[in-house]
Every structure is written in structure tokens, then in C-alpha cells.
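Report on the structure given below.
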């Protein structure tokens, strides 16, 4: 039986990251779905960067941006007395950026598919934007929210390059399941690597099965 510490750490990281991204990503996706700002392509490009950049490149620049010599890292160190890099908090920051498109893009897609007439009708009834979102948009977006949450959680579980660059390999602190697998392979401990890899494979398949079979629905137009 392998050490389950990396498994629990990965689950904690994925849970915190998913929660943060649902809070941050929802208003961002809502803004992107309706804005006519010239900044939209720039924001969309930044959001989608983790889909095309190698994880080590993202991890390298995050390592610099979060390091003790940087303004962010220095502020964090003064605030907490600990470094942001090579810590669980640093892993959370890195994971939020790296998994951002897996939350924003599904939500932006469903928001864009909702007809404008329904939103205009709600506005004509003097519903404020927040009321409109919760009474009109949210009920038809539930499956997309579930899909975004599930995909974000699963993507965070499988992170390797970004978390290795930012967090290193500290048992009980930054050693997540993907890094544990890599370490087992390096030490020729294939039995432990097989056990963790099989668990991750089954989990990934289950996530995709849920998304394709139960969550993903047709584009919605209620206008």
C-alpha cells in the first residue's frame, strides 16, 4: 500500500483551486460573454495561455513572479513569514492560473449561447443584473458549472510541470500525486508507480465519462 499523503494533498489542492476558480472564473466568463471591449481578445488570450504553453514555461515564470525577491513574494513573506514558492499556497496560486481556462471557457460558452431577449425581458421587469443572473442564467447553466468544476478538479489533480517548478518535492507540503509517481519511477519503484498511476487513470476516465455522459448538454438558447 503506497503512501496516501500525496493523494490527500492533491485532493486538497484540487478542491481549493476549483472553489477559487468558480468564484473568480464565473464573473470573468460572464464579462467575456457579453463585453464589446477591445480588451476582450487580450483577456481571452491570457486566459487560454495554459492550453498552449508548456507547463514548465508557466512554472518558470510563476516561480520568478512568486519568489521572495518579487513584489508579490516579498509582500507574502512579510504578511505570513513564509515564502510563497515551495509551499501549498504557492501551489494554489500556480494551479489557479494553470487551470483557469478549464473553468472560464465552458462557462463563457454557455453564457454566450443564452439568448439576449431573455436578459432584456428580465431587465424590462426591473430585475437588476444579479437577479437576472441567478433567476435566468444560472438555472440553464447548471450542467456547465458542473462540467467546469469537474474538469478543473481533474486537471489540477493531474498537474506536474507547474507544481514541480513552483512547489518542488516536499513531502507533506508540496509532494502531490503526479510528483510522487515521477519519484517512484526515478527510484525504480514500479509497483508504487503502477498503483498511483492506475488510480489516476481510473479517476481521469471516470471524470471524462461523467462529463460526456451526464453533464455535457446541448447549447441552450432561451431567447
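Only residues that are closer than 21 Å to residue 161 by Cβ and loosely packed, with under 14 Cβ neighbours inside 10 Å: list them for region 42-52, please.
45, 46, 51, 52
Any residue at all in region 66-75 that's closer than 15 Å to residue 163 by Cβ and without any contact (Cβ under 8 Å) to a residue 40 or more places away in the chain? Show your work before the answer.
Filtering region 66-75 down to residues closer than 15 Å to residue 163 by Cβ leaves 66.
Filter once more, so that each one left must be without any contact (Cβ under 8 Å) to a residue 40 or more places away in the chain: none.
Looking for residues that are closer than 15 Å to residue 163 by Cβ and without any contact (Cβ under 8 Å) to a residue 40 or more places away in the chain, one finds none in region 66-75, hence no.
What tally of residues in region 2-14 results from selecting those that are under 10 Å from the mean Cα position of the chain (by Cα) and not in a helix (DSSP H, G or I)?
0
Quick check: anything in region 2-11 free of Cβ contacts under 8 Å to residues at least 60 places away in the same chain, closer than 26 Å to residue 181 by Cα and in contact with a helix residue (DSSP H, G or I) (Cβ under 8 Å, 6 or more places away or on another chain)?
no
Check 207, 211 and return the single one that is in a helix (DSSP H, G or I), at pLDDT below 90 and under 17 Å from residue 11 (Cα atoms).
Values: 211 fails: under 17 Å from residue 11 (Cα atoms).
Only one candidate qualifies: 207.
Yes or no, residue by residue, for (1) more than 27 Å from residue 153 (Cβ to Cβ); (2) at pLDDT 95 or above; (3) surrounded by fewer than 17 Cβ atoms within 10 Å (Cβ to Cβ); (4) touching a strand residue (DSSP E or B) at 6+ places or on another chain (Cβ under 7 Å):
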| residue | (1), (2), (3), (4) |
| --- | --- |
| 8 | no, no, yes, no |
| 24 | no, yes, yes, no |
| 33 | no, no, no, no |
| 39 | yes, no, yes, no |
| 71 | yes, no, yes, no |
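The values are calculated or read from the model by the stated rules, or taken from the named source; none is laboratory data. Just so it is clear, the structure is predicted and the values come from calculations on it, not from any experiment. A quick note on method: Cβ atoms are made from the backbone with ideal geometry, for glycine too, and the neighbour counts reach across all protein chains shown.
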